[in-house]
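Structure first, commentary second.
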Amino acid sequence: AQSVSQHNHHVILSEAASLELGCNYSYGGTVNLFWYVQYPGQHLQLLLKYFSGDPLVKGIKGFEAEFIKSKFSFNLRKPSVQWSDTAEYFCAVNAGGSSNTGKLIFGQGTTLQVKP
Amino acid sequence: DSGVTQTPKHLITATGQRVTLRCSPRSEDLSVYWYQQSLDQGLQFLIHYYNGEERAKGNILERFSAQQFPDLHSELNLSSLELGDSALYFCASSANPGPLNTGELFFGEGSRLTVL
């Protein structure tokens with residue numbers, strides 16, 4: 001069964017600090033990988049996704065993630081965070097290719113608090 | 001705005017009661033997914049409907065049921081409610097599942113259920 005593990009549950013950073021949130025998944029086949037963000041009181045929004053090609057994926061708001069197949073990882077990065085990045089971040093995976101049912105499996109989420 | 005509409009936004013009810021949550025997917029999407037978000041369980045997949053038919057079940061209790069109607073809106077029915085059912089229930093939609101679908105889900109704003 002697929003599973004997703006996010007190592008950092010709660011991260012506190014000052015503005016302009018660099019961010020890296022860890023995500024590892026467990027699945028033996030082809031995968032599609034996602035990072036979603038949930039701002040306080042809002043719905044989940046897609047930050048970025050990987051399904052093939054360049055393993056370094058750029059998303060919205062200056063975020064990027066790198067898919068490292070050998071490590072089953074898809075870490076999220078941002079060189080310089082802003083106060084407005086305060087939110088909860090979710091890593092998610094689904095099976096790729098012909099095994100894709102569309103169902104996303106989410107990690108437990110990481111709460112990011114950015115201090116002004 | 002994701003294009004996915006959920007009602008009601010907030011619902012307070014008592015133990016033992018039954019509630020119905022409603023979701024309207026984006027106009028072009030045939031798939032509807034229901035997720036439960038709670039503090040201790042994170043985002044848990046409940047059920048997936050595609051064009052009116054159930055496609056996958058996750059951690060959905062027997063007290064819960066869902067359906068998708070011909071106009072593609074979906075309802076999640078929660079009965080014999082318990083305190084532990086208090087959570088945020090998200091609906092999401094996506095295009096056709098299959099090899100060409102990367103699985104991006106578009107989420108509604110959620111229905112917050114409080115069981116007293």
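Couple of notes before you dig in:
- Wholly enclosed strands (runs of 3 or more DSSP E) of region B:1-96 bearing at least 3 residues farther than 28 Å from A:CYS91 by Cβ: B:10-13, B:19-24
- First in region A:1-22 and closer than 19 Å to A:TRP35 by Cα, second anywhere and small (Gly, Ala, Ser) and open to solvent by 50 Å² or more (accessible area, probe 1.4 Å), Cβ under 6 Å, 6 or more apart: A:SER3/A:SER26
- So A:GLN38, is it free of Cβ contacts under 8 Å to residues at least 40 places away in the same chain, under 18 Å from B:LEU105 (Cα atoms) and surrounded by fewer than 22 Cβ atoms within 10 Å (Cβ to Cβ): no
- Positions within region B:33-58 being crowded, with 18+ Cβ neighbours inside 10 Å and within 14 Å of B:ASN77 (Cβ to Cβ), in sequence order: B:TRP34, B:GLN36, B:LEU46, B:ILE47, B:TYR49
- Residue selected from region A:52-89 under the condition assigned to a loop (DSSP other than H, G, I, E, B), of a type in the set (Gly, Ala, Ser) and within 29 Å of A:GLY41 (Cα to Cα), by the criterion most open to solvent (accessible area, probe 1.4 Å): A:SER80
- Residue list for region A:71-96, restricted to those being within 14 Å of chain B (Cβ to nearest Cβ), touching a Leu at 6+ places or on another chain (Cβ under 8 Å) and not hydrophobic (A, V, I, L, M, F, W, C): A:GLU88, A:TYR89, A:ASN94
Results for (1) acidic (Asp, Glu); (2) within 14 Å of another protein chain (Cβ to nearest Cβ); (3) in contact (Cβ under 8 Å) with a residue 40 or more places away in the chain; (4) in contact with an Asp or Glu (Cβ under 9 Å, 6 or more places away or on another chain), shown as yes or no for each residue.
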{"position": "B:CYS23", "(1), (2), (3), (4)": "no, yes, yes, yes"}
{"position": "B:TRP34", "(1), (2), (3), (4)": "no, yes, yes, no"}
{"position": "B:TYR49", "(1), (2), (3), (4)": "no, yes, no, no"}
{"position": "B:GLU54", "(1), (2), (3), (4)": "yes, yes, no, no"}
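The values are calculated or read from the model by the stated rules, or taken from the named source; none is laboratory data. Source: prediction; values computed, not measured. For neighbour counting, all protein chains shown are included, and Cβ atoms are generated from backbone atoms with ideal geometry for every residue, glycine included. Only protein heavy atoms, including side chains, enter the accessible area calculation; ligands, DNA and RNA are left aside. Shrake-Rupley method; radii C 1.70, N 1.55, O 1.52, S 1.80 Å.
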